[in-house]
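Enquirer: Structure incoming, see below.
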Amino acid sequence: MQKENRPESFEAFIKSFFYGKRSDLSFKFISELTPENASIFIQGLFKDLMDSFDDDDLERVRQRLLQGQVEGYKEQKNFEYDDGPFHPLQKPLSSIKLTLLTSSGHFLKGRDSKPLGVENMTQEEAERRIFDSLKEAPQLSEIPFDSKSEDLVVRHGGYDIRAALKDPNVSFPYQRMVNLKDQGVFADLTVNAYSFVGACSQKRLLKKTLPDWVDKFVNLGVDAAVLVPV
Amino acid sequence: MSVGHVARVLEEAKIATIVIAVKSFETRMRMMSLPRVLLTPQLLGRPLGNPFNEKLQITILNRAIQLLERADRNGTIQDYY
């Protein structure tokens, strides 16, 4: 018997951007929109594209994408806490030691942590195996602040790394930290900046890895940390 | 989520934190009751702005670092304009 060739529904179409056959990490938010809102978004994007061709101004397209992403993520409530800790800075900024920690998945060439035991995992495989990664403890990569940007690698199955490939500072602003230290905004930096893949097991992060990371930062005399999620 | 957990644990260890996140993550950040957050009107994957826009990256980062000193309570969430 021949398989029935049913037309794809619009709902299936928008869901396919979330690790489906049209997986696109910049547009996976479409899967979180209602079909009605997704259709409004796509139609509006087409309109904006034509207007932008006419006046060479892409800002309206950027704004359309931004609004779509905000709408797509606004109902995501994975962890909820009624209150949280607050540690006031104990010294003026001009005398503090800072570090940088991001979940952007950067590491130095030759120092790959081999996620899931895979040597030289590609970005494509990281995306394909995202749900395996979510069961794993994260690995902390140490990246000296004086590293050259061409010596950095980025791989992360949870976000579109194309901008970070061109310039790591978009999500791992290590060179900008050095700029501000040189301007005297704060006193000192740790020797290394830090990065890990945020798409990991939250339970393992909290129970297994974070206590070690905290010990490391306390021993380094860090007063404050700049943190960047992606 | 991961960075939210890192922020909470570091604060408990008396290390002050500032999170720089894209505006799309606002709900997540608020639900996690984080100490200090700067929300940027940037696209996913580019919380500090577009590639090679050094001036914007420095301005955003500087604004975040200033918030480290200015915030006086948990839940200080500011939009970058």
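Enquirer: Within the stretch A:108-150, track down each residue that is aliphatic (A, V, I, L, M) and in contact with a helix residue (DSSP H, G or I) (Cβ under 9 Å, 6 or more places away or on another chain).
Expert: Listed by number, the residues that qualify are A:Leu108, A:Leu116, A:Val118, A:Met121, A:Ala126, A:Leu134, A:Ala137, A:Leu140, A:Ile143.
Enquirer: While we're here: Report, by residue number, each residue of the stretch A:63-79 that is facing chain B (nearest Cβ under 8 Å) and either polar (S, T, N, Q) or over 23 Å from A:Thr34 (Cβ atoms) (or both).
Expert: Scanning the stretch A:63-79 gives A:Gln69, A:Gln76, A:Asn78, A:Phe79.
Enquirer: Does A:Phe53 fit the bill of being assigned to a loop (DSSP other than H, G, I, E, B) and among the hydrophobic types (A, V, I, L, M, F, W, C)?
Expert: Here the answer is no, as A:Phe53 does not meet what is asked.
Enquirer: Take the residues in the stretch A:107-158 that are under 20 Å from A:Lys21 (Cα atoms) and in contact with a strand residue (DSSP E or B) (Cβ under 7 Å, 6 or more places away or on another chain), then tell me which one is surrounded by the most Cβ atoms within 10 Å (Cβ to Cβ).
Expert: For the stretch A:107-158, the residue satisfying everything is A:His156.
Enquirer: Sort out which residues of the stretch A:159-174 are more than 8 Å from chain B (Cβ to nearest Cβ) and either under 16 Å from B:Ile18 (Cα atoms) or surrounded by fewer than 24 Cβ atoms within 10 Å (Cβ to Cβ) (or both), and write them in order of number.
Expert: The answer is A:Leu165, A:Phe172, A:Tyr174.
Enquirer: Only residues that are under 21 Å from A:Leu33 (Cα atoms) and either without any contact (Cβ under 8 Å) to a residue 12 or more places away in the chain or touching a Leu at 6+ places or on another chain (Cβ under 7 Å) (or both): list them for the stretch B:30-41, please.
Expert: B:Met31, B:Pro41
Enquirer: If the requirement is being free of Cβ contacts under 8 Å to residues at least 60 places away in the same chain and under 21 Å from the mean Cα position of the chain (by Cα), which of these qualifies: A:Glu11, A:Glu80?
Expert: Testing whether each residue is free of Cβ contacts under 8 Å to residues at least 60 places away in the same chain and under 21 Å from the mean Cα position of the chain (by Cα) leaves just A:Glu80.
Enquirer: Here's another thing I want to ask about it. Which of the residues belonging to the stretch A:201-230 are within 7 Å of chain B (Cβ to nearest Cβ) and out of contact with any strand residue (DSSP E or B) (no Cβ under 8 Å at 6 or more places or on another chain)?
Expert: A:Gln202, A:Leu205, A:Leu206, A:Leu210, A:Val214, A:Val218
Enquirer: Return the total of residues in the stretch A:97-132 being in a strand (DSSP E or B) and of a type in the set (A, V, I, L, M).
Expert: Qualifying residue count for the region: 4.
Enquirer: Give the residues of the stretch A:57-73 that are loosely packed, with under 15 Cβ neighbours inside 10 Å and either modelled with pLDDT under 95 or assigned to a helix (DSSP H, G or I) (or both), sorted by residue number.
Expert: A:Glu59, A:Gln63, A:Gln67
Enquirer: Let me ask another. If you take just the strands (runs of 3 or more DSSP E) that sit entirely in chain B, which of them hold at least 3 residues that are more than 7 Å from every other protein chain (Cβ to nearest Cβ)?
Expert: Qualifying strands (runs of 3 or more DSSP E): B:36-40, B:76-79.
The values are calculated or read from the model by the stated rules, or taken from the named source; none is laboratory data. Keep in mind that this is a model prediction, so the values were computed, not measured. For neighbour counting, all protein chains shown are included, and Cβ atoms are generated from backbone atoms with ideal geometry for every residue, glycine included.
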